[in-house]
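Enquirer: Below: one structure in structure tokens.
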Amino acid sequence: MSKRKPFLLRLDPVIHEALQLWADAELRSLNAQIEFLLRNALREKGRLPAPKAPPLPGRAHSGSKKGAGEGV
């Protein structure tokens, strides 16, 4: 996992409480909830690329496909 950057964030107490309740309901820490919400907002606006899906097991890599009659 990539290294995290510490960042001080000042919040209105009402917003802090609402985020904390939401985080608790989703079994996340407040920090993880804020990062989750920011990541989703950035992705929705096209400012963060979608994560790449891992390659499926058993799939041939490009250039290594066998033609008809090749191999056993």
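Enquirer: Please give the contour-minus-distance gain from L11 to E35: 0.36 nm per residue of separation, less the Cα-Cα distance, rounded to one decimal in nm.
Expert: 7.2 nm
Enquirer: Figure the gain on full extension for L42 and L56 (residue separation times 0.36 nm, minus the Cα-Cα span) and round it to one decimal in nm.
Expert: Between L42 and L56, full extension yields 2.3 nm more.
Any read-out appearing in this document is the output of simple, stated calculations on the displayed coordinates, not a laboratory observation. Fair warning: this is a prediction, and the values are worked out from it, not measured in the lab.
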